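Novice: Got a structure for you, written out below as structure tokens; questions coming shortly.
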Amino acid sequence: MSQYVHMFSEGDRDQKDLLGGKGANLAEMVKLGLPVPPGFTITTEACRAYLTEGRVPPEVRVEVTQRLRDVEDLIGRTLGDSEEPLLLSVRSGAKFSMPGMMETVLNVGLNDDTVQSLASFAGDERFAWDSYRRLIQMFGKTVLDIDSERFSDVLDTHKQEAGVEADVDLTADHLKAVVAEFKQIVLDETGNPFPQTPRRQVDMAIEAVFRSWNTERAQLYRRRERIADDLGTAVNVQAMVFGNLGDTSGTGVCFTRDPSSGHSGVYGDYLPNAQGEDVVAGIRNTLALTDLEDRDPAAYRELRTAMRRLETHYRDLCDIEFTIERGKLWMLQTRVGKRTAGAAFRIATQLVDEALITMDEALERVTGEQLGQLLFPQFDREAERTLIATGMGASPGAAVGAVAFDNASAEAKQAEGSSVILVRRETSPEDLPGMIAAAGILTARGGKTSHAAVVARGMGKCAVVGAEDLVVDVAAKEIRVGEHVVREGDTLAIDGKTGEVFLGDVHVVDSPVMTYISQGVEAAVTIADDDETRELIEAVDRVLQHADARRRLRVRANADTGEDAKRARDRGAEGIGLCRTEHQFLGDRRQQIERVVLAEADEEREAALAELLPAQVEDFVDLLTAMDGLPTTIRLIDPPLHEFLPDLTDLTVEVALADERGESGPEVERTRALRDAVRAIHESNPMLGLRGVRLGLKIPGLFGLQIRAIAEAVVRLREEGKDPQPEIMVPLIGSNRELVIVRRQAEEIIAEVAEANNQSIEIPIGCMIELPRAALTANRIAQTADFFSFGTNDLTQTTWGFSRDDVETAFFPKYLENGVLTISPFETLDAIGVGELVRIGVEKGRSTKADLKTGVCGEHGGDPESIHFFHDAGLDYVSCSPFRVPVARLEAGRAVV
Ligand code: ADP
Ligand code: MG
Ligand code: MG
């Protein structure tokens, strides 16, 4: 039979699964010899049994009896005793601390009799009745589910009648009256009197803790934090000590170092003559911990020693709850304390300097998420601002710019050099150019996984979505909100963290850590205006350098232009993992593409393509210059053809109008021909249609043009003494045969360019693995491919069979709510499903070609959890947006230690 109840002295801090966080740490403190009131923990296993069987296992009651006797023996008092009654606290404590669960019931064991004995043995009648009223209040609220206001109203009335402000000013007689009324409330609300049997109080409180695991609020919190539903909570039952025994008693909280700066010192609050949550509840003004030194130097010294011991033992910032009972210190809780992102880095390096942890451990103490937070630009907090709406902060950052409602005006404004906020009711892939041009994106509709949100996060661009108060009238080019009308060109400021939308300019500043990332330690330290910031920069630098030294995964960036590539390189990218070439076919170049599609004869098509060549060469020269000497993976054109052509409906309307007006001429004929061509290739499901390699094979010359441009760029750059390292990547391969055809074509063109220039040019040719079939036949594809790059965005779509652009509104909310998904698989790789295909792909690919280079491109390359997966799967590199490069470097390092 398993043991359900453990004395504190039996456990330790590694047993959080079984004893919960609080229980495990209480046990650890006992082990360290710190003064902890005796008690025991009922395990999470008991809770799980309760949850499945619907009742507390009978063994639990038996074991509680035994352990209670142990506690009574240790302390020399007995539960329900008429002379020296033992009182208990019943405290919940899951593995992860969880708001929404039952908290704590103090003073369990008091009833109409024991309150008298407590009064006489403590020599303090007021104290005893105060404790009793607290019990009924907490028990009523958390065990019996009575609205807490019913109790606080009574207290307030009594304070008013007595003409006092604080609870402590109520006399014993007041409190007796309060208790009488509290008992009446319990009777009224539950139909039963307040339970007078101490043991029954204990059992009811234990069951209430178990029950609270499944309250709606607790479930909601778990889902949001991705905590498993079946962990269960432990219950800690502990002898009470009293901070409310007069002025030599009190209760407090403290940190072993400052949780926001990391500096070691004495940080905390202390409240004399108080119990439990009085300190945090803000009922009375607390004292600074340092004041305790004057009031009670002995207790203070003992507390300082305990703090030091705990920090040395945990080798980390600890937060502590303690109580002093008539000068005697009692430790009631400790745990490794929460901290801000900046403090995490500073504390980690401080601990290294104090020789408490190693650099490897420092790396474990920080997260990519925290680094990400430190990188976002910030609104100047001092600045004045006018809030007009609040949406959802979908992609953090702070952006200020002129409002634009469509691609054209966004691009035009950007070209003029102004910063742009693209405002849409919601975005779709068609808005991509505008999103690229914009500094920030604002939508009135959609949630955290909407198109706007996902794309913005990928680009590291600030976005606020679902600001529902905004009436976005794209046709009229205005936003109406309350009394305000915002027109195209007006200035808005959006905060992608808080979701706030401000009218007019708000000053934005680069974060100091961002300055460090792009300009280096020295520059950043010089600009920094205080010591804290300088310390932070140096701390981030040390940790990041260590991550770089430790990681096996290389980190590349997704970048489409020379400018992006340079930015990525500044941030430490070791290559480009994905250059999307589609933007090279937009704008002015659209017309040539239309001609390519309309061409009836090969010569005509080739002529149209040839016109594109010089511009393409320039594009690649730019990119490869920025990435000189580093591998640069260029993906041949991927999206469905229709994205480069005018809309079918528009064309149809245009032709119909012209016919109606009896217009004719070459212009009309051209439109008609274009309409027919577009209609001919119209697809009802373009995502699964004519795109990627299929497009390359269907319109010969398209890939050829790009390959030639790459080869010629290589020649040009070599003439300039540079070292271009392009890699050609073929998208949407499903069969080795497809790649064989493209490879043959590519080799011919490269050889031709090489020969014409009297050079030898070797360009690796590989492919994306983004269809399940490609992963499953990777052993065959590896015969032809020099490298694989897992396109996990498409692989997720094609594995699950859902379209990223539609799922968000269609059913993701439902799926997140009912737990089919815990997080969008586009945000964090679905390791079980999609990840399995990645594993298969790597394994099969390497079975053919042992040294096959493998990487991943797509949003997952910048996601911490996914990066750990890719490390484990044995990939060589991840590629992510330039903005996420530092995060990926850090996480790749963390994946090793
Ligand atoms: P939480 O998880 O909300 O911090 P705790 O179980 O730590 O809840 O209890 C809250 C407070 O109740 C503690 O900070 C402490 O002040 C008081 N408390 C808990 N157990 C005892 C005890 N055995 N004796 C005195 N006070 C206690
Ligand atoms: Mg606590
Ligand atoms: Mg793809």
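Novice: Out of the residues in the stretch 723-761 meeting the condition of being in a loop (DSSP other than H, G, I, E, B) and without any contact (Cβ under 8 Å) to a residue 12 or more places away in the chain, tell me which one is nearest to ligand 3 (Cβ to nearest atom).
Specialist: Once the filter is applied, the top-ranked residue is Ser760.
Novice: With the requirement that a residue be away from ligand 2 (no atom under 15 Å from the Cβ) and closer than 19 Å to Ala306 by Cβ, what does the stretch 243-271 give you?
Specialist: Pass one, the stretch 243-271, residues away from ligand 2 (no atom under 15 Å from the Cβ): 244-250, 256-267, 270.
Residues satisfying the conditions are Thr248, Ser249, Gly250, Thr256, Arg257, Asp258, Pro259, Ser264, Gly265, Val266, Tyr267, Tyr270.
Novice: Scan (1) crowded, with 21+ Cβ neighbours inside 10 Å; (2) away from ligand 3 (no atom under 14 Å from the Cβ); (3) of a type in the set (A, V, I, L, M, F, W, C); (4) within 22 Å of Ala850 (Cα to Cα) for the single condition Met768 breaks and write down its number.
Specialist: Among (1) crowded, with 21+ Cβ neighbours inside 10 Å; (2) away from ligand 3 (no atom under 14 Å from the Cβ); (3) of a type in the set (A, V, I, L, M, F, W, C); (4) within 22 Å of Ala850 (Cα to Cα), Met768 violates only (2).
Novice: A follow-up question, please. Condition first: touching a strand residue (DSSP E or B) at 6+ places or on another chain (Cβ under 9 Å) and either within 9 Å of ligand 1 (Cβ to nearest atom) or within 13 Å of Arg199 (Cβ to Cβ) (or both). Now tell me which residues in the stretch 79-100 satisfy that.
Specialist: The answer is Leu79, Gly80, Pro85, Leu86, Leu87, Leu88, Ser89, Val90, Arg91, Ser92, Gly93, Ser97.
Condition check ((1) of a type outside the set (A, V, I, L, M); (2) under 30 Å from Gly721 (Cα atoms); (3) away from ligand 2 (no atom under 16 Å from the Cβ)) across all residues:
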residue: Thr625; (1), (2), (3): yes, yes, yes
residue: Leu630; (1), (2), (3): no, yes, yes
residue: Thr633; (1), (2), (3): yes, yes, yes
residue: Thr649; (1), (2), (3): yes, no, yes
residue: Glu654; (1), (2), (3): yes, no, yes
residue: Leu657; (1), (2), (3): no, no, yes
residue: Gly662; (1), (2), (3): yes, no, yes
residue: Gly665; (1), (2), (3): yes, no, yes
residue: Thr671; (1), (2), (3): yes, no, yes
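Novice: Can you tell which of Ala524, Ala547 is surrounded by 17 or more Cβ atoms within 10 Å (Cβ to Cβ) and within 25 Å of the chain's Cα centre (by Cα)?
Specialist: On the way: Ala524 fails: within 25 Å of the chain's Cα centre (by Cα).
When all the criteria are applied, what remains is Ala547.
Novice: Same structure, new question: Being farther than 15 Å from Lys22 by Cβ and surrounded by 22 or more Cβ atoms within 10 Å (Cβ to Cβ) is the filter; apply it to the stretch 324-344 and report the residue that is farthest from ligand 2 (Cβ to nearest atom).
Specialist: Among them, the one singled out is Gly342.
Novice: May I ask you to list the residues in the stretch 673-693 that are among the hydroxyl-bearing types (Ser, Thr, Tyr) and either surrounded by 12 or more Cβ atoms within 10 Å (Cβ to Cβ) or within 16 Å of ligand 2 (Cβ to nearest atom) (or both)? Reasoning before the result, please.
Specialist: Going residue by residue through the stretch 673-693, those that are among the hydroxyl-bearing types (Ser, Thr, Tyr) are 684.
Listed by number, the list is empty, since nothing qualifies.
Novice: For Glu149, only one of the following conditions fails: (1) away from ligand 2 (no atom under 16 Å from the Cβ); (2) part of a strand (DSSP E or B). What is its number?
Specialist: So Glu149 meets the others, but not (2).
Novice: Moving on. Say we look at the stretch 389-402 and pick out the residues that are out of contact with any Cys (no Cβ under 8 Å at 6 or more places or on another chain) and closer than 16 Å to Gly496 by Cβ; which of these is surrounded by the fewest Cβ atoms within 10 Å (Cβ to Cβ)?
Specialist: Within the stretch 389-402, the match that is surrounded by the fewest Cβ atoms within 10 Å (Cβ to Cβ) is Thr390.
Novice: Give me a count of the residues in the stretch 636-668 that are in a loop (DSSP other than H, G, I, E, B), farther than 24 Å from Arg589 by Cα and among the acidic types (Asp, Glu).
Specialist: Total satisfying the criteria: 1.
Novice: Turning to a different aspect of this structure: Quick one: which residue in Leu144, Leu110, Leu118 is aliphatic (A, V, I, L, M) and farther than 19 Å from Ala172 by Cα?
Specialist: Going through Leu144, Leu110, Leu118 in turn, just one is aliphatic (A, V, I, L, M) and farther than 19 Å from Ala172 by Cα: Leu144.
Novice: Any residue at all in the stretch 819-826 that is of a type in the set (A, V, I, L, M, F, W, C), more than 16 Å from ligand 3 (Cβ to nearest atom) and touching a strand residue (DSSP E or B) at 6+ places or on another chain (Cβ under 7 Å)?
Specialist: No, the stretch 819-826 contains no residue that is of a type in the set (A, V, I, L, M, F, W, C), more than 16 Å from ligand 3 (Cβ to nearest atom) and touching a strand residue (DSSP E or B) at 6+ places or on another chain (Cβ under 7 Å).
Novice: Report, ordered by the first and then the second residue, all pairs with beta carbons closer than 6 Å, sequence separation of six or more or different chains, a first member in the stretch 825-839 that is of a type outside the set (Phe, Trp, Tyr), and a second member that is assigned to a loop (DSSP other than H, G, I, E, B).
Specialist: Every condition considered, the pairs that remain are Thr828/Asp863; Gly835/Leu829; Val838/Ala873; Arg839/Ala873.
Novice: Need a quick list: helices (runs of 4 or more DSSP H) entirely within the stretch 484-557 having at least 3 residues that are within 30 Å of Val403 (Cα to Cα) and in contact with a helix residue (DSSP H, G or I) (Cβ under 9 Å, 6 or more places away or on another chain).
Specialist: Filter on the stretch 484-557 gives 512-519.
Novice: When you go through (1) away from ligand 2 (no atom under 16 Å from the Cβ); (2) among the acidic types (Asp, Glu); (3) within 28 Å of Phe127 (Cβ to Cβ) one by one for Glu321, which number turns out not to apply?
Specialist: So the condition that Glu321 fails would be (1).
Novice: Does the stretch 775-820 hold any residues that are part of a helix (DSSP H, G or I) and among the acidic types (Asp, Glu), and which are they? Spell out how you get there, then give the answer.
Specialist: To start, the set of residues in the stretch 775-820 that are part of a helix (DSSP H, G or I) comprises 775-776, 778-781, 792-800, 804-810, 812-817.
Listed by number, the residues that qualify are Asp794, Asp805, Asp806, Glu808, Glu817.
Novice: Taking the conditions exactly as written (crowded, with 17+ Cβ neighbours inside 10 Å and in contact with a His (Cβ under 6 Å, 6 or more places away or on another chain)), does Val178 satisfy them or not? Before you say what the answer is, go through the steps one by one.
Specialist: Values: crowded, with 17+ Cβ neighbours inside 10 Å: yes; in contact with a His (Cβ under 6 Å, 6 or more places away or on another chain): yes.
Yes, satisfied.
Novice: In the stretch 695-722, how many are without any contact (Cβ under 8 Å) to a residue 40 or more places away in the chain and assigned to a helix (DSSP H, G or I)?
Specialist: 2
Novice: Select from the stretch 836-868 the residues that are over 20 Å from the mean Cα position of the chain (by Cα) and either within 16 Å of ligand 2 (Cβ to nearest atom) or small (Gly, Ala, Ser) (or both) and list them in ascending order.
Specialist: Selection gives Gly841, Gly845, Ser847, Ala850, Gly855.
Novice: Six or more apart or on different chains, Cβ atoms under 8 Å: show the pairs whose first residue is in the stretch 155-184 and free of Cβ contacts under 8 Å to residues at least 12 places away in the same chain and whose second is of a type outside the set (Val, Ile, Thr) and surrounded by 12 or more Cβ atoms within 10 Å (Cβ to Cβ).
Specialist: Listed pairs, sorted by first residue: Lys159/Asp167; Lys159/Leu170; Val164/Leu170; Glu165/Lys159; Asp169/Lys159; Asp169/Ala162.
Novice: So the check is Cβ under 8 Å with 6+ separation or different chains; which pairs have a first residue in the stretch 598-616 that's more than 10 Å from Leu705 (Cα to Cα) and modelled with pLDDT of 90 or more and a second one that's aromatic (Phe, Trp, Tyr) and surrounded by 14 or more Cβ atoms within 10 Å (Cβ to Cβ)?
Specialist: none
Novice: Further question: Answer yes if at least one residue in the stretch 848-861 is surrounded by fewer than 18 Cβ atoms within 10 Å (Cβ to Cβ), assigned to a helix (DSSP H, G or I) and not polar (S, T, N, Q), and no otherwise.
Specialist: Scanning the stretch 848-861, I find no residue that is surrounded by fewer than 18 Cβ atoms within 10 Å (Cβ to Cβ), assigned to a helix (DSSP H, G or I) and not polar (S, T, N, Q), so the answer is no.
The values are calculated or read from the model by the stated rules, or taken from the named source; none is laboratory data. Keep in mind that what you see is a predicted model, and the values were worked out from it rather than measured. FYI the Cβ positions are ideal-geometry reconstructions off the backbone, even for glycines, and counts take in every protein chain you see.
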